[in-house]
Structures are given as C-alpha cells and as structure tokens.
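Heads up: the structure comes next, in structure tokens.
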Amino acid sequence: MKILLVGNGGREHAIADTLLRENTTLELIAAPGNPGLASLARVVPIPSSESDNIVSFAADEQVNLVIVGPEAPLADGLVDRLRLRGIPAFGPTYEAAQIETSKHVAKSLMERAGVPTARSETHLTAAGAHAAVNERFAAPVVIKASGLAAGKGVIVCHTDAEAHAAIDRIMGDKAFGAAGDECLVEAFMQGEELSLFAMTDGTDVLTMLPAQDHKRLLNGDDGPNTGGMGAYTPVSLGTPALLEDVTERILLPTLHALRKRGTPFTGLLYAGLMLTEEGPQVVEFNCRFGDPETQAILPMLTSSLLDPMLAIARGAKINNMSPLTWRAGASVTTVVAAANYPETPRTGDVIRLPDDTDTRRVFHAGTRRAENGELVSSGGRVVAVTGLGDTFEAARMISREGAEAVELADKQYRSDIGWREHERQA
Ligand code: GLY
C-alpha cells in the first residue's frame with residue numbers, strides 16, 4: 001500500500017507515525033515532509049501549495065491513498081483534482097472545506113441546521129460591522145475575519161473600542177488580506193474549550209478522544225495567541241454523555257446540512273466547541289486534523305487509522321465500522337517554539353532532540369536539515385513532545401521533561417499544559 005501524505009507539520013508527522021505503528025509495511029511518501037517525516041517516509045520536495053504537481057506525482061506513482069493534512073491545499077481544491085483523476089483522497093472537497101474556509105458559510109449552515117453556536121452577523125462593509133457593535137453586540141464581543149487567516153483572524157474584544165479597532169484592522173488595514181473581505185461580529189461565549197475530531201463518510205462519524213488546546217503563548221493562558229502551544233487528551237469534561245450530545249446535536253446535523261447543500265463533507269471534521277452553561281456550542285469547524293491536538297490524540301489510538309481513512313477516501317460507508325479504540329491513561333503534548341514566536345520567529349538555530357521512547361514521541365514541525373546535516377529551526381512551532389502515561393500527571397511530566405530536554409537557543413514552551421485538568425484532578 002502506497003500512501004502520499006501532504007504537509008510538513010507535527011500533525012503530518014503524527015499521522016505517519018500512527019500509520020506505521022499500525023502497519024510497518026506501508027510505503028509512505030511525504031510532500032514536502034520534514035526531517036522527522038524523513039525517518040518514516042520518502043520525502044519529495046513538492047510544496048503542499050502546488051496542487052497540480054501533487055496530483056501529477058500521485059498519478060505517476062500510482063499511490064493508493066492521498067491524505068491531505070493542512071487546510072490550504074483543501075481550500076485550493078486538491079481533493080477535487082485528485083478525485084477527477086480517480087485517486088482516493090482523504091479530505092473534503094473545495095466546497096465542503098468551506099465549513100472552515102468561510103466562517104460565514106459555516107455560520108449560515110449552523111443556523112439552518114439549528115446547531116448551537118453564538119449569535120452573529122456577517123458584514124461586507126466596515127460601517128456595517130461598526131454599527132453592529134454599537135447597536136446589537138455590546139462588549140465582550142468576538143470579531144472574526146471570515147476567510148482563512150492561519151488561526152490569527154479571531155479577535156476577542158473586551159471593550160467596544162477594541163471591537164472597533166479589530167474591525168478596522170481586519171477590514172480597513174486588511175491585516176489578514178482577503179480573509180477580511182467579510183467580517184463576523186459574534187457574541188462572546190463563556191466556558192472551557194474542547195476539540196472533538198470525527199472521521200466521516202459524510203453521514204456517519206467515528207469520533208476521537210476529546211482534547212484541549214492551549215492557544216496562548218505563556219503559562220496561565222497569558223500572552224499572544226498562537227497556533228497552539230500544547231494539548232492533552234482525554235479531557236474529563238468530555239464525558240461519554242457530552243460526546244453523545246455533541247454527536248447528535250452538532251456533528252450529525254452539520255453533516256446533514258452539508259449533504260442538503262449538495263456538498264457532502266468527507267474526511268476529518270474538527271469541531272471547536274465551547275462548553276457553556278447552556279451546553280456545548282460551536283466556536284468553529286475545521287476541515288482537517290488539528291495541530292497540536294493530533295500529536296496528543298493519535299498516539300493513544302489502538303484501532304486502525306488506515307481502515308476508516310481508506311474506506312472514506314474510496315467513497316465507502318463507515319456505518320458498519322466499530323468505534324475507534326484507545327489505550328488507557330493520558331497523553332500530553334508540549335510545543336517547543338522558536339525565539340520571537342509568534343511575531344517573527346527566529347530560524348536557523350541548531351536543535352538537538354531527546355530520543356523517542358515507548359512513552360515519548362517527538363514530532364517535527366519547523367525543522368530542516370542544514371547543508372552540513374545539522375538539524376536547524378525553520379519555523380515558529382519547532383517540535384511537539386508528546387508524553388504518554390498511565391495517568392494524566394505521568395503523561396504531563398514526561399511531556400514537560402521532554403520539552404525541557406530539547407536543545408534550542410531561546411526556546412519557548414509552556415510548562416503548564418493541561419493546567420485545567422490538573423486543577424480538576426486535584
Ligand atoms: N489547534 C487549532 C487548530 O488546529 O486549528
């Protein structure tokens with residue numbers, strides 16, 4: 001079985017690691033991959049933005065499956081192009097991916113399907129958005145660029161002045177480019193966030209363990225927003241009853257609405273939830289595996305990842321598949337980031353990594369091989385260290401000690417990943 005994995009982050013490294021743990025005879029190819037993936041897969045230097053080259057390569061190599069990791073190639077219609085060539089691809093089509101790539105589309109779908117989410121308005125002009133803040137959405141309020149903005153287009157505003165400044169940044173300064181052509185003004189939701197991933201054939205779902213991300217750079221959820229500084233799973237708030245409720249009232253109706261729209265969603269649906277006093281509500285949907293949650297979740301998987309991925313990519317149904325199974329205990333992932341992340345991450349610093357062990361995985365993200373063969377940093381989030389333990393506290397310690405052991409000048413990492421769970425368990 002030959003599989004092409006598109007992407008170059010810690011998420012893709014974790015997917016490759018999981019597939020090979022399941023079946024060591026798989027032939028993996030990663031485009032463009034990273035040095036961590038290079039130890040598991042043949043890496044080919046095709047950027048994930050070059051959809052046409054990826055399709056030609058997949059056809060020439062006669063791969064049996066393409067797994068698309070990041071959202072950008074999905075937004076570019078890579079899966080549509082692969083399917084036109086008859087190549088099985090795991091991921092949604094361009095139109096189905098709009099559940100992530102257009103917050104306006106996502107909100108409209110949710111409203112039509114009666115899926116619980118915060119009240120919002122979409123505006124095409126800054127004047128309209130300013131009026132919404134003045135007249136209908138008193139602070140705290142959330143201002144969102146509708147399009148893809150690399151996780152940065154969501155601004156939580158504690159005062160009306162902050163909200164007006166956010167609108168000007170998104171729509172006036174175009175701080176996130178065309179992603180800010182449309183702007184959402186959304187009521188603020190209070191609660192704890194939870195990430196729930198589901199593999200889906202468009203109708204049925206196989207849900208994964210719930211996880212919690214840590215978006216802020218610094219301990220105590222302080223500092224600027226990032227792509228995610230760490231995650232853990234399972235989350236004790238994500239009880240079986242809660243997951244059942246989310247499946248029945250959020251995942252399945254959303255998939256139904258997407259089918260009704262004529263754009264069935266297949267692949268991995270990521271529900272970003274807020275656990276409010278009124279119950280779980282959707283913060284956002286993503287059309288792919290989350291990062292860094294994937295690096296925490298997938299090492300816990302004991303059933304097959306490949307079987308559902310392949311079935312879904314081939315257009316088969318998953319309603320007769322058994323639920324996914326998981327090892328006991330917990331998993332905690334700590335991201336090690338470069339100096340000056342998230343503003344202008346410094347690159348080119350030499351990295352030395354602790355080895356993988358039975359209970360520790362080091363996933364590469366912003367790394368590359370220098371000409372002299374040394375491993376150097378090449379991006380903001382450099383590696384993610386996952387600790388697996390029989391208990392949450394054991395996993396947390398393994399992850400934290402692993403992050404400490406990463407040698408990288410002026411590295412940044414949070415030593416409090418999972419602090420909410422820690423407090424709950426205490
Ligand atoms: N963990 C956030 C994301 O993947 O978008």
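The values are calculated or read from the model by the stated rules, or taken from the named source; none is laboratory data. The shown structure was predicted, so the numbers you read here are calculated from the model rather than taken from an experiment. As a convention, Cβ positions derive from the backbone with ideal geometry for all residues, glycine included, and neighbour counts pool all protein chains shown.
Report whether or not ARG261 is surrounded by fewer than 23 Cβ atoms within 10 Å (Cβ to Cβ), in contact (Cβ under 8 Å) with a residue 24 or more places away in the chain, of a type in the set (Lys, Arg) and within 29 Å of TYR94 (Cα to Cα).
yes
Taking only the range 235-255 into account, find how many residues are away from the ligand (no atom under 16 Å from the Cβ) and surrounded by 15 or more Cβ atoms within 10 Å (Cβ to Cβ).
Total satisfying the criteria: 12.
Count, please, the residues in the range 271-281 that happen to be within 14 Å of the ligand (Cβ to nearest atom) and either part of a loop (DSSP other than H, G, I, E, B) or touching a helix residue (DSSP H, G or I) at 6+ places or on another chain (Cβ under 8 Å) (or both).
Selection size over the range 271-281: 2.
If I filter the range 345-364 for residues that are assigned to a loop (DSSP other than H, G, I, E, B), under 22 Å from the mean Cα position of the chain (by Cα) and either on the phi < 0 side of the Ramachandran plot or among the small types (Gly, Ala, Ser) (or both), do I get at least one hit?
Yes, some residue in the range 345-364 is assigned to a loop (DSSP other than H, G, I, E, B), under 22 Å from the mean Cα position of the chain (by Cα) and either on the phi < 0 side of the Ramachandran plot or among the small types (Gly, Ala, Ser) (or both).
ALA139 passes all but one of (1) closer than 21 Å to ASP221 by Cα; (2) surrounded by 17 or more Cβ atoms within 10 Å (Cβ to Cβ); (3) hydrophobic (A, V, I, L, M, F, W, C); (4) touching an Asp or Glu at 6+ places or on another chain (Cβ under 8 Å); which number fails?
(2)
Please go through the range 126-164 and give me each residue that is of a type in the set (Ser, Thr, Tyr) and at pLDDT 95 or above, ordered by number.
Answer for the range 126-164, where residues must be of a type in the set (Ser, Thr, Tyr) and at pLDDT 95 or above: just THR159.
Can you name every one of the strands (runs of 3 or more DSSP E) wholly within the range 160-227 that holds 1 or more residues which are among the basic types (Lys, Arg)?
Filter on the range 160-227 gives 216-218.
Can you find even one residue in the range 282-293 that is within 16 Å of the ligand (Cβ to nearest atom), of a type outside the set (S, T, N, Q) and in contact with a Cys (Cβ under 9 Å, 6 or more places away or on another chain)?
No; the residues of the range 282-293 include none that is within 16 Å of the ligand (Cβ to nearest atom), of a type outside the set (S, T, N, Q) and in contact with a Cys (Cβ under 9 Å, 6 or more places away or on another chain).
Give me the pairs, please: first residue somewhere in the range 1-25 and within 10 Å of ALA41 (Cα to Cα), second residue anywhere and acidic (Asp, Glu), beta-carbon distance under 6 Å, and either six or more positions apart or on two chains.
LEU5/GLU12
From the set of residues in the range 200-224 that are more than 16 Å from the ligand (Cβ to nearest atom) and under 30 Å from ARG261 (Cβ atoms), which is surrounded by the fewest Cβ atoms within 10 Å (Cβ to Cβ)?
THR203
Kindly establish whether GLY228 is touching a residue at least 12 places away in the same chain (Cβ under 8 Å) and either under 21 Å from PRO116 (Cα atoms) or away from the ligand (no atom under 14 Å from the Cβ) (or both).
Taking the combined requirement at face value, the residue does not satisfy it.
Being part of a helix (DSSP H, G or I) and touching a residue at least 40 places away in the same chain (Cβ under 8 Å) is the filter here; which residues of the range 92-106 pass it?
Of everything in the range 92-106, those that are part of a helix (DSSP H, G or I) and touching a residue at least 40 places away in the same chain (Cβ under 8 Å) turn out to be GLN98, ILE99, GLU100, THR101, LYS103, HIS104, ALA106.
Scan the range 285-315 for residues that are surrounded by 14 or more Cβ atoms within 10 Å (Cβ to Cβ), part of a loop (DSSP other than H, G, I, E, B) and touching a residue at least 24 places away in the same chain (Cβ under 8 Å) and report the count.
Total meeting the criteria: 8.
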